[in-house]
């Protein structure tokens, strides 16, 4: 008789736990889930990401503007970064620029700044023209208000001239 009671008690406990588990699952499924952050595989190109990244066109913010840039002083070093300060954080996927003469640069975002670093360096005694194109967007999808053009000339670097 005591074995029957033990089995009944175990069976009752099992169904109670099963019922509580079902209630928990139902509760979690109807509550609001946190928004998941979009992540992209590292092998996607920026063109692929542009196609799958939605732009919030409902945002009624002001157009993106450039507020400041690295001062184009007379002695612009050949390994100095050129920094462009925007009114909002620029989108890494919608940053459009051109530079002449052609140079290999690394573009990174730091808050509202786009930091353009030469790879490995700017050419010595060269005048550069950097144009940030008006199809550049901020993270909200707002376009840059116009094209911006910057000019700077690098100094002569005697160390690299020796080789």
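Any read-out appearing in this document is the output of simple, stated calculations on the displayed coordinates, not a laboratory observation. Just so it is clear, the model here is predicted, and its values are computed rather than measured. Don't worry about glycine lacking a Cβ; one is built from the backbone with ideal geometry, like all the others, and counts go over all protein chains shown.
Using the basic label-point model (7 angstrom from Cα toward the beta carbon), what is the residue 123 to residue 67 distance in nanometres?
Each label point is offset 7 Å from its Cα along the Cβ direction, giving 3.5 nm.
So, in nm, how far is label residue 28 from label residue 100 when the simple model puts each one 7 Å beyond its Cα toward the Cβ?
Taking the simple label geometry, residue 28 and residue 100 are separated by 6.0 nm.
So for the range 64-161, Kirkwood radius off the Cα pairs, Stokes-Einstein at 10 °C and 1.306 mPa s: how many µm² s⁻¹? Walk me through the numbers before you get to the answer.
On the way: Rh = 13.7 Å.
Using the Kirkwood radius from Cα pairs, D works out to 116 µm²/s.
What is the extension gain from residue 20 to residue 89, computed as 0.36 nm multiplied by their sequence separation minus the C-alpha to C-alpha distance, in nm to one decimal? Walk me through the numbers on the way to the answer.
Numbers: separation 69, 0.36 × 69 = 24.84 nm, distance 4.68 nm.
Value of the extension gain: 20.2 nm.
Roughly speaking, what is the stretch gain from residue 13 to residue 157, that is 0.36 nm per residue apart minus the C-alpha to C-alpha distance, in nm to one decimal? Mind dumping the intermediate values first?
Working: separation 144, 0.36 × 144 = 51.84 nm, distance 8.13 nm.
That works out to 43.7 nm of additional length.
How would 123, 149, 69, 111 line up from fewest to most surrounding beta-carbon atoms within 10 angstrom? All intermediate terms of the calculation are to be shown ahead of the outcome.
On the way: 123 14, 149 10, 69 18, 111 7.
In increasing order of surrounding Cβ atoms, one gets 111, 149, 123, 69.
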